[in-house]
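Report on the structure given below.
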Amino acid sequence: MEKINKDGTTYLNPYLGGVILGTVLLLAFYISGRGLGASGAVKNTVAATVNVIAPEHVAKSAYYSQFAGGDKNPMGNWLVYEVIGALAGAFLSGLLFNRLKFKVEHSPKITNRRRLVFAILGGVVFGFGSQLARGCTSGAALSGMAVLSLGGYITMIAIFGTAFIAAWVFRKNWI
Amino acid sequence: MIGSIISSGIISPSWDNVFAVVLGMGFGFALEASGFSSSRKIIGTFFGYDFVVVKVFFTAAIVASMGLLYLNYMGLVDFSTLYIQPLFLASAIVGGIIMGVGFSMGGFCPGTSICAAAVGKLDGLAFFGGMFIGVYLFSEAFPWFEKLYYSGSQGSPMVNTVFGISPELFTFILVLAAIGMFFGASWVEKKVKKVEY
Amino acid sequence: MERKYIYLATLLIILALGLVILPKKNDLKEMPPKVLLSAIAEKSRYLSVDQVTHRIIENDPTLMLIDLRPANQFKIFALQGSINLPVDSLLAGSTVEQFNQPVKDKVLIANSDLVSEKAWLLCSRNAVPRVYIMKGGMNEWFTTFITEKPVSGTPSSTDLDLLSFRKAAKQYFTGAGETSSTPATPVTKESVQVVRKAPKATSGGGC
């Protein structure tokens, strides 16, 4: 069921990976009554940081005040713990499959620097969009699709549809 | 027992965060082990040389959907009490488009960038760091986007109601579509020139 | 194509097909007997005819009037906006679903309390929330509003308020100035909107 890569490491069969991911998602709904997520933890961390630096700014802001400030504790959030777990789980997988190595992955046609700049920019744009759409690929699209939420399907189509077109624009970075 | 274990009070809510870490570990493991820590593997979906994203993503979605419906049928989960995010049509579409652009620029989505950073991919770390800036920018610019953020509210609709069919029938059609997509993806993968990464 | 994938795909399709062909379950849960017994002792299920009439006149959107009398009596006269669900149809179980509207106060109306009590028990056993009984039923409503009875003794100011409200209500239901005791208000029959399992948010947080 395993595929040998160029660097000698192996990946799980994608369908097996999908079944594991789906089972974890199912357990998340069964145990905690909610789906998995990632960008929500970033949101809470940002809010917590701003709350420490400028609490009065949080109280005034129409966005932060929804989930931070006052007696709300954004760092004590389920998603923050979940993301800490995800870091650990991915590290374990990297250890198991012998993939732990510092590197910048990019197309041979571009430099490390260009790749990193685009990674940061991509992160900025993705982070921005995830807040507007109330969730990212995991929280809105994947978890949303699992509970058959219309919003999840719409977000999924919007993300993958746009990425398909935009990938052509940025093709030089990848192939 | 109906509903999630935590909200039914069988286990103290303070265990919720412990489960969050454990579930997160499963999440991170599944993503990394499937190869989601590699941006060029992920982005392969859009150039047709590697469809791992489509395969993993849709397998996970149908496994979870079918699992939830079976658990609902057996009375272990009450589907109606699950959190279904509210749909704000305009912001979901615009946000999705923005995320799509970020996806093909950075090659990650938030969950996969975490996994990439965990195994030492510096581009993953850069993406993860960029996300904090993006979220911060959105929070600061929120007053300008507030109208868009709240426009097109549709409640919390389920996708099967759009087609006027039952959740079970919708899931069945979804499974058929996903299987068709998997075979199609394997076919395209064979046709497209391999990209070494 | 590898053969193992064809097996896996077949397995998935069979599992998904299983969901479609499994017989449907009754979604309404039963109330535990203990809770039901304590609910019977509780008297808060009664609404007075004055309370109900107030809410009819105010066009309260959360009010759902369910008339349990036989259809022929319902045709002769019924309260504005009420729905006719004869008590026999409740026993058949086919109409219990129409009660599945969690945001509405369902008020049961019969000729007296006897039938309403039975219907209330049926609904409560099926864990339908917010079911009430109009105390005294249509007979009480009729004697209160249409054949006004004078308040005994020296009326207090609240009694007078009540009396003038009832007079106004009588005019509202029978038409201004009409004194005949058999009102001919046109009955408005509304179609029932069945709300099925409105999914509600239990935990926030989004992604």
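The values are calculated or read from the model by the stated rules, or taken from the named source; none is laboratory data. The model shown is predicted, which means the values in this text are computed figures rather than measured ones. Using ideal geometry, Cβ is built from the backbone for each residue, glycine included, and neighbour counts are taken over all protein chains shown.
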Exercise for review: Looking only at the range B:81-123, count how many residues are in contact (Cβ under 8 Å) with a residue 60 or more places away in the chain and on the phi > 0 side of the Ramachandran plot.
Suggested key: 1
Practice item. From A:Arg99, A:Arg115, grab the single residue that is touching an Asp or Glu at 6+ places or on another chain (Cβ under 8 Å) and not in a helix (DSSP H, G or I). Key: A:Arg99
Practice item. Pull up the range A:36-68, narrow it to residues that are at the interface with another protein chain (Cβ under 7 Å from one of its Cβ atoms), crowded, with 18+ Cβ neighbours inside 10 Å and in a loop (DSSP other than H, G, I, E, B), then point me to the one that is nearest to the chain's Cα centre (by Cα). Key: A:Ala38
Revision key, fill the gap. Being within 7 Å of chain A (Cβ to nearest Cβ), in contact with a helix residue (DSSP H, G or I) (Cβ under 8 Å, 6 or more places away or on another chain), of a type outside the set (D, E, K, R) and under 29 Å from A:Leu12 (Cβ atoms) narrows B:Thr59, B:Thr112 down to just B:Thr59
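For (1) touching a Pro at 6+ places or on another chain (Cβ under 6 Å); (2) among the hydrophobic types (A, V, I, L, M, F, W, C), each residue gets a yes or a no:
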residue: C:Leu22; (1), (2): no, yes
residue: C:Glu58; (1), (2): no, no
residue: C:Asp67; (1), (2): no, no
residue: C:Pro70; (1), (2): yes, no
Revision key, fill the gap. Of (1) surrounded by fewer than 15 Cβ atoms within 10 Å (Cβ to Cβ); (2) within 30 Å of C:Leu160 (Cβ to Cβ); (3) not small (Gly, Ala, Ser), C:Glu42 fails just (2)
Revision key, fill the gap. Per the filter on the range B:60-80, residues without any contact (Cβ under 8 Å) to a residue 24 or more places away in the chain and of a type in the set (Val, Ile, Thr) are B:Val63
Check your understanding: Mind checking whether some residue in the range B:124-141 is touching a residue at least 24 places away in the same chain (Cβ under 8 Å), in contact with a helix residue (DSSP H, G or I) (Cβ under 9 Å, 6 or more places away or on another chain) and more than 7 Å from chain A (Cβ to nearest Cβ)?
Key -> yes
Practice item. Can you work out which of the residues in the range A:108-129 that are more than 7 Å from every other protein chain (Cβ to nearest Cβ) and either touching a residue at least 24 places away in the same chain (Cβ under 8 Å) or within 13 Å of the chain's Cα centre (by Cα) (or both) is surrounded by the fewest Cβ atoms within 10 Å (Cβ to Cβ)? Key: A:Lys109
Practice item. Could you please find all residues in the range B:146-173 being assigned to a helix (DSSP H, G or I), in contact (Cβ under 8 Å) with a residue 12 or more places away in the chain and facing another protein chain (nearest Cβ under 8 Å)? Key: B:Leu148, B:Tyr149, B:Pro167, B:Glu168, B:Thr171
Check your understanding: Among all residue pairs at least 6 apart or on different chains, which show Cβ distances below 7 Å where the first residue, located in the range C:1-12, is more than 21 Å from B:Lys191 (Cβ to Cβ) and the second is at pLDDT 85 or above and not hydrophobic (A, V, I, L, M, F, W, C)?
Key -> C:Leu8/A:Tyr15
**Study point:** Test: residue in the range B:90-105 that is more than 7 Å from every other protein chain (Cβ to nearest Cβ) and in contact with a helix residue (DSSP H, G or I) (Cβ under 9 Å, 6 or more places away or on another chain)
**Key:** yes
Practice item. Considering every residue within the range B:123-140, establish whether at least one is under 18 Å from the mean Cα position of the chain (by Cα), modelled with pLDDT under 90 and part of a helix (DSSP H, G or I). Key: no
Practice item. With respect to B:Gly106, determine if the residue is of a type outside the set (Phe, Trp, Tyr), at pLDDT 90 or above, under 16 Å from the mean Cα position of the chain (by Cα) and crowded, with 24+ Cβ neighbours inside 10 Å. Key: no
Check your understanding: Going by the conditions given, is B:Gly44 touching a strand residue (DSSP E or B) at 6+ places or on another chain (Cβ under 6 Å), more than 30 Å from A:Tyr64 (Cα to Cα) and surrounded by 24 or more Cβ atoms within 10 Å (Cβ to Cβ)?
Key -> no
Exercise for review: Consider A:Gly139 carefully, then state whether it is facing another protein chain (nearest Cβ under 7 Å), over 28 Å from B:Gly155 (Cβ atoms), among the small types (Gly, Ala, Ser) and surrounded by 15 or more Cβ atoms within 10 Å (Cβ to Cβ).
Suggested key: no
Review point. Taking the stated definitions as given, is C:Glu58 loosely packed, with under 14 Cβ neighbours inside 10 Å, more than 30 Å from B:Ile62 (Cβ to Cβ) and either within 14 Å of another protein chain (Cβ to nearest Cβ) or modelled with pLDDT of 85 or more (or both)?
Key: no
Practice item. Starting from residues that are at pLDDT 70 or above and of a type in the set (Ser, Thr, Tyr), keep the ones in the range C:83-123 and report whichever is nearest to C:Ala71 (Cα to Cα). Key: C:Ser89
